[in-house]
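**Student:** Here's a structure for you.
The values are calculated or read from the model by the stated rules, or taken from the named source; none is laboratory data. Just so we're clear, the structure is a prediction, and the values are computed from it rather than from any experiment. As a convention, Cβ positions derive from the backbone with ideal geometry for all residues, glycine included, and neighbour counts pool all protein chains shown. Accessible surface is based on the protein model in full, side chains and every heavy atom, while ligands, DNA and RNA are left aside. Shrake-Rupley method; radii C 1.70, N 1.55, O 1.52, S 1.80 Å.
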Amino acid sequence: MKKFEILEHEADLKIKAFGRSKKELFKNAMIGMENILQAEGKGPKSKPREIKIESSDLNSLLVDFLSEINYLNEVNKEIYNKIKFAKFSDKELEGEISGYKVKGFGLVIKGATYHNLEIKQKNKIWQATILFDI
């Protein structure tokens, strides 16, 4: 099973992420977003960072999660490719992310959007379509 795919969009960037569980879906959505950033100059491992998100529903949780990761990318100049969830439900998550330092990004994401956001399960595989404002 592939983790994500980049979809065609006129002005922004859109991905479809996949996972056997909602946790794996969120992880693969994060990896897809990180791939879009086109990190430049891979450096040493980053220190683990705690993440805690509470939202009103699963769609909001995904957008809030990706928005927090995007914020941490910019502030810390890091790319995250690993996450360990300590808590996960349709309305909240807690965990620890890690990855590596970078010199910069080839592309800047302004944010994850709700535009045409869709999370569904098809043939036992979770899928999420997410549009990023660039």
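**Student:** Mind checking which residues of the range 90-134 are part of a loop (DSSP other than H, G, I, E, B), in contact with a helix residue (DSSP H, G or I) (Cβ under 9 Å, 6 or more places away or on another chain) and closer than 17 Å to F4 by Cβ? Spell out the reasoning first.
**Tutor:** Going through the range 90-134, the residues part of a loop (DSSP other than H, G, I, E, B) turn out to be 90-91, 102-103, 106-110, 113-117, 123-124, 134.
Among the residues that remain, those that are also in contact with a helix residue (DSSP H, G or I) (Cβ under 9 Å, 6 or more places away or on another chain) are: 90-91, 102, 107-110, 113-114, 117, 134.
Matches in the range 90-134: L107, I109, T113, L117, I134.
**Student:** Another one. State all residues of the range 58-89 that are assigned to a helix (DSSP H, G or I), crowded, with 17+ Cβ neighbours inside 10 Å and either touching a Leu at 6+ places or on another chain (Cβ under 8 Å) or on the phi > 0 side of the Ramachandran plot (or both); if no residue qualifies, say none.
**Tutor:** Result: L61, L62, V63, F65, N73.
**Student:** Scan the range 77-91 and report the pairs whose first residue is over 20 Å from S60 (Cβ atoms) and in contact (Cβ under 8 Å) with a residue 24 or more places away in the chain and whose second residue is among the basic types (K, R) and surrounded by 15 or more Cβ atoms within 10 Å (Cβ to Cβ), with Cβ atoms within less than 7 Å and a gap of 6+ or a chain change.
**Tutor:** That search, which allows pairs on different chains as well, returns K77/K101; E78/K101.
**Student:** Restricting to the range 1-57, name every residue that is within 23 Å of K91 (Cα to Cα), in a strand (DSSP E or B), charged (D, E, K, R) and open to solvent by less than 80 Å² (accessible area, probe 1.4 Å).
**Tutor:** Selection gives K16, R49.
**Student:** For V102, which of the numbered conditions (1) over 19 Å from F132 (Cα atoms); (2) open to solvent by 80 Å² or more (accessible area, probe 1.4 Å); (3) among the β-branched types (V, I, T) fails to hold?
**Tutor:** (2)
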